[in-house]
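The values are calculated or read from the model by the stated rules, or taken from the named source; none is laboratory data. A quick note: this is a predicted structure, and the numbers were derived from the prediction, not measured. Counting neighbours? That spans all protein chains shown, and the Cβs are built from the backbone with ideal geometry, glycine included. Ligands, DNA and RNA are excluded from the accessible area calculation, which covers all protein heavy atoms including side chains. Shrake-Rupley method; radii C 1.70, N 1.55, O 1.52, S 1.80 Å.
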Amino acid sequence: MKKIKILIPVYNDWQSVFKLMENINLKVSRLDSEFSVIIVNDASTESKPEISLKLDNLKNIKIINMKENRGHARCIASGLKYILEKEEFDYVIPMDGDG
């Protein structure tokens with residue numbers, strides 16, 4: 001089974017990221033692959049709200065927190081480096097946090 005990592009940078013727009021993850025969960029339900037989400041928090045000034053989502057089709061969700069706001073491209077680069085060094089994967093799909 002293919003392992004696919006979805007990489008999402010976010011800065012303060014947690015509601016959009018949660019909606020995106022719900023949409024991803026729905027779309028991957030019929031695919032024969034293992035999907036995981038890695039969120040790179042670009043030093044958001046707003047706290048991540050505690051929200052309960054039913055994401056049964058996603059193997060796991062990880063959040064990497066940047067110490068300083070570095071921008072979208074730097075978050076993607078940091079996320080790719082993390083995935084390359086720490087994760088087993090076949091494919092990486094970078095996505096924008098607002099879908």
Give LYS5/LYS54; LYS59/LYS86; LYS27/LYS67; LYS5/LYS81 a once-over and call out the pairs whose C-alpha atoms are over 24 Å from each other. LYS27/LYS67
Rounded to 0.05, the calculated FRET efficiency for the beta carbons of LYS62 and MET1 at R₀ = 30 Å is 0.95
In whole percent, what relative contact order does the range 26-91 give with Cα contacts below 8 Å and a gap of six or more residues? 38 percent
So for the range 1-69, considering every pair of alpha-carbon atoms, how many percent are separated by more than 15 Å? 53 percent
What size of dipole, in debye to the nearest 20, comes out for the chain about its Cα centre when the only charges are +1 on Lys and Arg C-beta atoms and -1 on Asp and Glu C-beta atoms? 160 debye
Give the accessible surface of the chain per residue, rounded to a whole number of Å², with probe radius 1.4 Å and ligands, DNA and RNA excluded. 64 Å²
FRET efficiency, ARG74 to LYS19 (Cβ-Cβ, R0 41 Å, nearest 0.05): 0.95
What residue among SER52, SER36, SER78 has the largest mean-square fluctuation in a Gaussian network model of the chain, using Cα springs under 10 Å? SER52
Along the charge dipole of the chain, pointing to its positive end and built from +1/-1 on Cβ of Lys, Arg, Asp and Glu, which listed residue (LEU7, TYR91, ILE63) has its Cα farthest out? TYR91
Antiparallel DSSP bridges in the range 1-67: what percent, to the nearest 5? 0 percent
